[in-house]
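Below is one structure, written out as C-alpha cells; the observations come after it.
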Amino acid sequence: MEPELMEKLENPGEASESWADLFEAALDTFDYENPVRGQILEGEIIQIDEDSVLVDIGAKRDAIVPRKDLDRLDEELRQSISQGDQIPVYVMRTAKIGGELLVSINRGLEQEDWQRAVKLLDTGEVLNLPIIGQNRGGLVVRFGRLRGFVPNSHIPDLVRNTSGDLLKQQKEEMIGDDLVVKVLEVNQKRRRLVLSSRAAQRERRLLRLKELHVDSTLSGTVVNLVDFGAFVDLGGVDGLVHISELDWSRVEHPSEVLEVGQELDVKVLDVDVERERISLSRKALLPNPWQTITAGYEVGDLVEGEITNVRNFGAFMMLPEGVEGLIHVSEIGIIVPGNPEDVVHPGDKVLARILDIETDRERISLSLSRVSKDEQLAWLERHQESDGPAPEGALEPPDEDLVEDFDAALEAERSNRPDAAPQPEAHMPPASAEDAPEADGANKAEAILESGQLESITAEEAEQDA
C-alpha cells in the first residue's frame with residue numbers, strides 16, 4: 001500500500017476523505033485478479049443462509065451462491081455443505097458497480113465431471129452408468145452431474161431392425177438399469193457428451209478374452225441354445241460349446257442335455273482373441289466311456305445296442321456306455337450292393353459282435369452278420385425271461401439257410417474284385433478293422449468316423465462319394 005494512503009488510514013482525523021472512500025481506495029491497491037465469467041475457482045464457504053451461500057474466492061468481495069443454484073444440488077449434497085468447506089464454483093456474473101458477484105456450485109461441480117470425462121476419453125476406461133431417460137436417437141445416462149447420450153446404434157441390447165413404438169418401448173423398459181459404456185466424444189462448449197455401450201462391451205470382452213487360458217475349467221451360465229451348440233456366459237464374454245462337445249453320446253439338439261439358465265462347468269479348448277471366439281467343452285469334464293469299453297470289452301465279444309442312424313455305407317449302433325459303433329454295410333447281412341435300410345432302422349434293438357476297438361481313435365467296428373442264429377436266439381430268450389417280450393424292434397434271428405446263401409453270395413461278390421483278399425469265415429471276427437470286408441461307401445464311413453460329425457453328412461453325399 002502506498003505510504004500516503006497508509007498515513008491517511010492511520011490518522012483519519014487529518015484526512016478529508018470519508019472512511020468509505022479510503023477503504024475503497026485501499027482495496028484498489030491490492031493485487032487481485034478480477035473474476036471472469038465462465039471461470040472455475042476454488043472457494044471457501046464462509047456463511048450459509050436460508051436463501052444463499054457466501055463464498056470467499058479470493059476476490060475484492062465475497063461471491064454469492066443464489067438460492068436457484070442451491071435448488072439444483074442433490075439434497076444429500078446440499079445438507080452436507082458446511083462453513084469452511086472448500087468447493088469449486090463457476091463464475092456466472094462479475095461484480096458491477098453496486099452489483100453482486102454471483103457464482104454456481106452446481107456448475108463448478110459439473111466442471112469436475114467434464115474434466116473426468118476428458119480423462120476417460122484418453123484412457124478408454126469402461127464404466128457403469130444409470131439410464132435416466134430416452135429419446136428418439138438413443139438413451140440418456142447420468143454421468144455425475146452431466147447427462148450423457150448413447151446413440152441407438154451403440155446400444156447392443158436393442159433388438160435389431162426395430163423402429164417406432166416398439167423401439168421406444170424397448171428403451172423405456174431399460175430406464176433405471178445400469179449400462180456399461182465408454183466415452184466417445186467430449187465437447188464442453190456444446191455441452192455434448194457421447195458414450196457407447198457397444199464399444200464398452202467389446203473392450204470388456206477383449207480384456208476377458210486375454211484372461212482366459214486353454215485347458216482351464218470355468219463355471220458359466222447357458223444363455224442360448226442353437227442347432228449347432230450352446231452359448232455359455234463366462235462373465236462378460238460368451239463361449240460356444242459345439243454340439244459335438246456336449247456329451248460323449250451323440251446329441252441331436254442341445255436341449256436334450258442343457259437348458260437356458262443352467263449353471264455349467266466347462267473346459268476351455270481354444271481362445272481366439274483376434275476373432276473373439278471361445279471354444280468350450282462339456283464332454284471333456286464328463287467320464288470318458290471309452291475307458292469303460294477298453295476295460296470291459298474285447299474283440300469278438302457280443303454287445304447289444306440300438307440303431308441310431310442308417311446310411312448307404314452302413315449303420316451306427318449306440319452301445320450301453322453311450323458310444324456309437326459302425327456296422328459296415330457288408331456286416332449288416334445283405335448282399336452287396338444293397339440298401340441297409342432294408343434290414344435295420346433307427347430304434348431297432350440289435351445284437352452285434354465287436355470286430356475292432358481303436359481306443360486312441362475312439363472307434364469301434366461291429367457286425368450283425370457275424371452273430372450266429374443260436375446266439376441271437378439265446379439273446380432273445382434272455383430278454384423274454386427278464387423283461388417279458390423281446391426288445392421292441394429286435395431283429396429276428398437269421399435263418400441258417402439264408403445265412404449260408406448270404407455267405408456264398410458275399411464270397412462270390414468278393415472274388416470278382418481285382419484286389420480281393422482272403423476273408424475270415426462268417427461269424428468270426430477279423431483280426432482288425434483293416435481286415436474287415438470293404439464295400440461301397442467305405443471312404444465315406446472312414447471320413448465320418450474321423451470327423452465325429454455324423455449329422456453333417458447326408459446319405460446322398462455318401463452315395464456321391466461311393
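The values are calculated or read from the model by the stated rules, or taken from the named source; none is laboratory data. Please read these numbers as outputs of a predicted model, since none were measured by experiment. Using ideal geometry, Cβ is built from the backbone for each residue, glycine included, and neighbour counts are taken over all protein chains shown.
Quick rundown of the values:
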{"read-out": "Strands (runs of 3 or more DSSP E) enclosed by segment 219-312 - at least 3 residues per element that are among the aliphatic types (A, V, I, L, M), farther than 29 Å from residue 357 by Cβ and out of contact with any Phe, Trp or Tyr (no Cβ under 7 Å at 6 or more places or on another chain)", "value": "263-272"}
{"read-out": "Top-ranked residue of segment 195-211 - restricted to ones that are over 13 Å from the mean Cα position of the chain (by Cα) and surrounded by 15 or more Cβ atoms within 10 Å (Cβ to Cβ), ranked as farthest from residue 137 (Cα to Cα)", "value": "203"}
{"read-out": "Per-region count, segment 344-398, residues small (Gly, Ala, Ser) and modelled with pLDDT under 80", "value": "5"}
{"read-out": "Residue 173 being outside the structural domain of residue 322 (by TED's automatic domain parsing), over 19 Å from the mean Cα position of the chain (by Cα), assigned to a loop (DSSP other than H, G, I, E, B) and exposed (fewer than 13 other Cβ atoms within 10 Å of the Cβ)", "value": "no"}
{"read-out": "Any hit, segment 151-163, residues being of a type in the set (Lys, Arg) and assigned to a strand (DSSP E or B)", "value": "no"}
{"read-out": "Qualifying residue in segment 73-88 (condition: among the basic types (Lys, Arg), surrounded by fewer than 16 Cβ atoms within 10 Å (Cβ to Cβ), in a loop (DSSP other than H, G, I, E, B) and at pLDDT below 80)", "value": "no"}
{"read-out": "Odd one out for residue 106, checked against (1) assigned to a helix (DSSP H, G or I); (2) surrounded by fewer than 18 Cβ atoms within 10 Å (Cβ to Cβ)", "value": "(2)"}
{"read-out": "Cβ pairs under 8 Å, 6+ apart, first in segment 276-300 and among the small types (Gly, Ala, Ser), second in a helix (DSSP H, G or I)", "value": "279/245; 281/245; 284/245"}
